[in-house]
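Below is one structure, written out as structure tokens; comments come after it.
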Amino acid sequence: MIKTQGLCHVYQPGSPFEKHAIEDISLHIQKGEFVGIIGHTGSGKSTLIQHFNALEMPTSGKVYVDGVDTSAPKADLRLIRRKVGLVFQYPEHQFMEETVRKDIAFGPSNLRLSQRDIEECVLEAAAMVGLRPELLDKSPFDLSGGEKRRAAIAGVLAMRPGVLVLDEPTAGLDPAGRDELLTRIKEMHENGLTVVLVSHSMEDIAKTAQRIIVLNEGRIAMDGSTAYVFSHADELGAMGLSVPQVSVVMALLRKQGVSIPDAVYTVDQAKRVIIGLYNKAHKE
């Protein structure tokens with residue numbers, strides 16, 4: 001779905017404020033993947049994902065979406081942005097209509113669909129994110145934080161993209177709201193959507209991502225399965241990153257001589273391992 005080759009982006013080139021945000025990024029995100037992107041503040045995460053739907057253009061290098069070079073003179077940027085939907089960290093920055101219904105309908109309305117088809121897109125997208133029907137005729141600014149986040153995602157989903165890119169979607173949400181939103185995102189992935197999730201929360205990434213790309217100082221420092229990346233706690237720590245708290249607990253148990261597999265980085269995995277050890281001990 002998305003491929004970059006030697007991607008670099010420089011802000012304000014040639015000025016005293018020149019900043020190299022990302023350098024020599026080459027990656028390939030395939031259809032159906034759930035990819036997590038992590039890195040410390042300023043590592044280039046947001047700049048990178050804004051290239052995925054051509055909101056930013058390469059200073060050098062290439063970005064391809066379904067084989068189309070986004071910086072080609074005749075590239076259809078509207079089509080690219082339909083294929084790759086981007087949800088920003090602050091959902092209120094995406095709202096532009098007086099009701100939630102109209103806001104979700106904004107994208108489909110620009111596709112010259114019939115009113116019936118537009119309404120179908122709105123209701124389908126709202127249902128996917130768990131947005132209650134009675135909220136659709138409210139102002140998006142009257143919603144709670146979690147509801148705003150779901151409405152912003154619904155506005156992107158109404159365009160029926162093949163890839164959903166989310167920048168810190170659970171930031172500021174309470175634990176219940178965070179878990180509900182992550183569950184919805186996982187369900188969308190299970191139904192065929194390719195998902196790219198940017199997050200500072202290692203727990204969120206551990207619960208959802210199949211693959212993790214680690215950025216450090218604008219470059220890819222690590223790229224592999226979730227188990228592989230979280231097994232490199234020392235390297236992540238040197239970059240100012242952590243592993244999920246449950247991984248820390250499991251590592252301490254290993255040091256005490258408890259037989260714990262390396263690839264344990266979620267609470268559910270830890271629960272299964274500990275119950276297995278308990279049952280084994282009582283059988284003996």
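The values are calculated or read from the model by the stated rules, or taken from the named source; none is laboratory data. What you see is a predicted model, and the numbers here were worked out from it, not measured in a lab. Note that we place each Cβ from the backbone using ideal geometry, even for glycine, and neighbour counts take in every protein chain shown.
Things worth noting here:
- Candidates are the residues of the range 143-186 that are small (G, A, S), in contact (Cβ under 8 Å) with a residue 40 or more places away in the chain and closer than 23 Å to V122 by Cβ; the one that is surrounded by the fewest Cβ atoms within 10 Å (Cβ to Cβ) is G162.
- Condition broken by V122, with the remaining ones in (1) in contact with a strand residue (DSSP E or B) (Cβ under 9 Å, 6 or more places away or on another chain); (2) assigned to a helix (DSSP H, G or I) satisfied: (1)
- Filtered by the rule that a residue be hydroxyl-bearing (S, T, Y) and either within 18 Å of H40 (Cβ to Cβ) or in a helix (DSSP H, G or I) (or both), the range 226-263 gives T226, Y228, S242, S247.
- Pairing each residue of the range 254-268 that is aromatic (F, W, Y) with any residue that is part of a loop (DSSP other than H, G, I, E, B), provided the two are 6+ apart or on different chains, yields C-beta distances under 9 Å for Y265/S231; Y265/V243; Y265/P244.
- Taking each residue of the range 126-138 that is without any contact (Cβ under 8 Å) to a residue 40 or more places away in the chain and looking for partners that are exposed (fewer than 13 other Cβ atoms within 10 Å of the Cβ) and in a helix (DSSP H, G or I) with beta-carbon atoms closer than 8 Å, six or more apart or interchain, yields A126/P133.
- Being in contact (Cβ under 8 Å) with a residue 60 or more places away in the chain, in the same structural domain as K31 (by TED's automatic domain parsing) and surrounded by 16 or more Cβ atoms within 10 Å (Cβ to Cβ) is a property that L86 has.
- Any hit, the range 48-65, residues being under 25 Å from S242 (Cβ atoms), crowded, with 21+ Cβ neighbours inside 10 Å and in the same structural domain as S201 (by TED's automatic domain parsing): yes
- Considered as a group, the residues in the range 89-117 that are in contact with a Pro (Cβ under 9 Å, 6 or more places away or on another chain), in a loop (DSSP other than H, G, I, E, B) and charged (D, E, K, R) include one that is nearest to K138 (Cα to Cα), and that residue is E98.
- Some residue of the range 246-258 being among the polar types (S, T, N, Q) and modelled with pLDDT of 90 or more: no
Listed here are the residues, each with its yes/no results for (1) over 18 Å from G218 (Cβ atoms); (2) touching a strand residue (DSSP E or B) at 6+ places or on another chain (Cβ under 6 Å); (3) at pLDDT 95 or above; (4) outside any strand (DSSP E or B).
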site: G6; (1), (2), (3), (4): no, yes, yes, no
site: P16; (1), (2), (3), (4): yes, no, no, yes
site: D24; (1), (2), (3), (4): no, yes, yes, no
site: T41; (1), (2), (3), (4): no, no, no, yes
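- Residues (of a type in the set (A, V, I, L, M, F, W, C), over 23 Å from E33 (Cβ atoms) and outside any loop (DSSP other than H, G, I, E, B)) located in the range 136-171: F141, A151
- Residue match in the range 214-221 (condition: in the same structural domain as R184 (by TED's automatic domain parsing), on the phi < 0 side of the Ramachandran plot and assigned to a helix (DSSP H, G or I)): no
- Selection count, the range 172-200, where residues are part of a helix (DSSP H, G or I), aliphatic (A, V, I, L, M) and in contact with a helix residue (DSSP H, G or I) (Cβ under 8 Å, 6 or more places away or on another chain): 4
- Of all residues making up the range 71-88, the number that are touching a Pro at 6+ places or on another chain (Cβ under 8 Å) and part of a loop (DSSP other than H, G, I, E, B): 1
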